[in-house]
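Inspection log for the structure reproduced underneath, given as structure tokens.
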Amino acid sequence: MAKFELKLPKMGESVAEATITSWLKEVGDTIELDEAVLEIATDKVDSEVPSEVDGILVEKFFNVDDIVQVGQTIAIIETEGDDNDSEDKTNDLISNDASVEEEKAAEIVSQTIAIAKETVASVTSTEDRFYSPLVKNIAKEEGVSQQELDSIVGTGIDNRVTKNDILDYIQNKGNNNEVTASKVEVPTIKATQPEKPKQAPAPVVVSGEDEIIEMTRMGKLIAHHMVESVQTSAHVQSFIEADVTKIWNWRNKVKDAFQKREGENLTFTPIFMEAVAKALREFPMMNISLQGDTIVKKKNINLGMAASLADGNLIVPVIKNADQLNLVGMTKQVNDLANRARANQLKPDDIQGGTYTVTNVGTFGSIMGTPIINQPQVGILALGAIRKVPAVIETSEGDFIGIRYRMFLSHSYDHRVVNGALGGQFVKAVKDYLEAWDSNREI
């Protein structure tokens, strides 16, 4: 029998770890090729880890809620088959010696894991602050207390403390300890930044007839991100109404032929996404992020597309290099991401790297909204419902009242770096692109 190491696969350039949410197989269970063994979760996406071989699960190295680094061995699967080199006695002896060495190595590994667990136990993650196993180990080895660790300002995703953050803190701490009594000690910002007092939530009175519902993991993450975004960015909104009658009539004219030729349903979303991508190319300072006092101007235009899930939560898959896609390519991307989002089949990389987000509040009948910015972006556009309304039509022969298809565009932007002029000009550019739609455009 041979043993196969099931490792946590690479899930995107910016994804380094995942949390085990459930084991689908137990020790002793038979596993088939490509069959899911366990479920994992990264920042927002839940995924399954399939087996690369047929065999029997003989060992699990992690439990539910444990954090695993990419490339780490999660489990051992025993497969059928013997080594071809074990036919003579010499090789049998070598194999036996190797087994003894493997047993010794396994014992050392077990002891190392036990020591590592004891090491990590000294500092812990909380609901407000997550620390990776590497950061915890460094903190223990360097004698950094929980209080000190909590005071370090993180530069990672969701303000997590990275390896460089804690190493910088330790170095600065060492330098400060070397300062003599005759010198004025200037503490580093990371070590001494005061924490903002937390306001206690208002108590909730619960009666015997009320139903208590536990929030899902994704729901908790979304709630945290939304509060963090409001506390981070100075939200301002601009609203504008667009006449999309040309687009409405054009889509009705070509959608059947498009479906027949491309095998795709042509919705309004890719049309709107195309207009937003053009506007971002015209106003590149909307395609930025703010890092401290530094503006990061993004080279690529990666459009986030807010999509609703069956459980009521939202997820934002990303259309990479959206400005380089034609309408057919945009439609295929929109439909693929939307379908995989509903089926819970998105990969971690599918939600990474967004530079601007679009959300369609009109799907639920809302005519406008004030969406919360998707950090670390600086803008988000809400598409309202398309309504058939009476409107003034300007012609060379005078003004007339006619029936038109119109919608509101609601633009939320970060007033720290986007002033009202830029925010208003951007959303007007989207309106102008939509209203200038070519009714004779070929698909």
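Given the residues K246, K255, which is the only one that is assigned to a helix (DSSP H, G or I), over 25 Å from the mean Cα position of the chain (by Cα), over 28 Å from A341 (Cα atoms) and not hydroxyl-bearing (S, T, Y)?
Working: K255 fails: over 28 Å from A341 (Cα atoms).
Result: K246 is the single residue among K246, K255 that is assigned to a helix (DSSP H, G or I), over 25 Å from the mean Cα position of the chain (by Cα), over 28 Å from A341 (Cα atoms) and not hydroxyl-bearing (S, T, Y).
Within the range 216-243, can you find the residues that are under 15 Å from the mean Cα position of the chain (by Cα) and either surrounded by fewer than 16 Cβ atoms within 10 Å (Cβ to Cβ) or not hydroxyl-bearing (S, T, Y) (or both)? Working first, answer last.
Filtering the range 216-243 down to residues under 15 Å from the mean Cα position of the chain (by Cα) leaves 217-226, 228-229.
Hits for the range 216-243 are R217, M218, G219, K220, L221, I222, A223, H224, H225, M226, E228.
Could you please let me know if V318 is farther than 19 Å from A41 by Cα and either modelled with pLDDT of 95 or more or in contact with a strand residue (DSSP E or B) (Cβ under 9 Å, 6 or more places away or on another chain) (or both)?
On the way: farther than 19 Å from A41 by Cα: no; either modelled with pLDDT of 95 or more or in contact with a strand residue (DSSP E or B) (Cβ under 9 Å, 6 or more places away or on another chain) (or both): yes.
Spelling it out, it is not the case that V318 is farther than 19 Å from A41 by Cα and either modelled with pLDDT of 95 or more or in contact with a strand residue (DSSP E or B) (Cβ under 9 Å, 6 or more places away or on another chain) (or both).
Starting from the range 356-367, take each residue that is of a type in the set (G, A, S) and list its partners that are surrounded by fewer than 20 Cβ atoms within 10 Å (Cβ to Cβ), counting only C-beta distances under 7 angstrom and pairs at least six apart or across chains.
G362/A385; G362/I386; G365/A385; S366/A385
In the range 414-443, what residues are out of contact with any strand residue (DSSP E or B) (no Cβ under 6 Å at 6 or more places or on another chain), among the hydrophobic types (A, V, I, L, M, F, W, C) and in a loop (DSSP other than H, G, I, E, B)?
Listed by number, the residues that qualify are V418, A436, W437, I443.
Can you tell me which residues in the range 25-69 are in contact with a helix residue (DSSP H, G or I) (Cβ under 8 Å, 6 or more places away or on another chain) and in a strand (DSSP E or B)?
A41, D46, S47, I67, Q69
Could you grab the pairs with beta carbons closer than 8 Å, sequence gap of 6+ or different chains, first residue in the range 33-50 and closer than 15 Å to K10 by Cβ, second one modelled with pLDDT under 80?
Here the result reads I40/D46; I40/S47; T42/M11; T42/V15; S47/M11, each pair linking the range 33-50 to a residue that is modelled with pLDDT under 80.
Kindly indicate whether any position in the range 413-432 is crowded, with 21+ Cβ neighbours inside 10 Å, among the hydroxyl-bearing types (S, T, Y) and in contact with a Pro (Cβ under 7 Å, 6 or more places away or on another chain).
Initial filter on the range 413-432 (crowded, with 21+ Cβ neighbours inside 10 Å): 413-414, 418, 423, 426-427, 430.
Next, only the ones that are among the hydroxyl-bearing types (S, T, Y) stay: 413.
Going one step further and asking which of them are in contact with a Pro (Cβ under 7 Å, 6 or more places away or on another chain), we end up with none.
Looking for residues that are crowded, with 21+ Cβ neighbours inside 10 Å, among the hydroxyl-bearing types (S, T, Y) and in contact with a Pro (Cβ under 7 Å, 6 or more places away or on another chain), one finds none in the range 413-432, hence no.
With the requirement that a residue be farther than 22 Å from N374 by Cβ and part of a strand (DSSP E or B), what does the range 395-413 give you? Reasoning before the result, please.
Of the range 395-413, the ones farther than 22 Å from N374 by Cβ are 395-406.
Those that are farther than 22 Å from N374 by Cβ and part of a strand (DSSP E or B): T395, G398, D399, F400, I401, G402, I403, R404, Y405, R406.
Of the numbered conditions (1) among the acidic types (D, E); (2) modelled with pLDDT of 60 or more; (3) in a loop (DSSP other than H, G, I, E, B); (4) closer than 29 Å to H224 by Cβ, E148 satisfies every one except a single condition; which is it?
(3)
Within the range 350-379, can you find the residues that are surrounded by fewer than 18 Cβ atoms within 10 Å (Cβ to Cβ), assigned to a helix (DSSP H, G or I) and not aromatic (F, W, Y)?
Result: T363, single match.
If the Cβ limit is 6 Å and pairs must be 6+ apart or interchain, which residue in the range 380-399 that is in the same structural domain as A242 (by TED's automatic domain parsing) pairs with which residue that is hydroxyl-bearing (S, T, Y) and at pLDDT 95 or above?
Cβ pairs passing all conditions: I380/T357; I380/S412; A382/T359; A382/S410; I386/Y405; K388/Y405.
The values are calculated or read from the model by the stated rules, or taken from the named source; none is laboratory data. Predicted model only: the values in this text are computed from it and were never measured. Note that we place each Cβ from the backbone using ideal geometry, even for glycine, and neighbour counts take in every protein chain shown.
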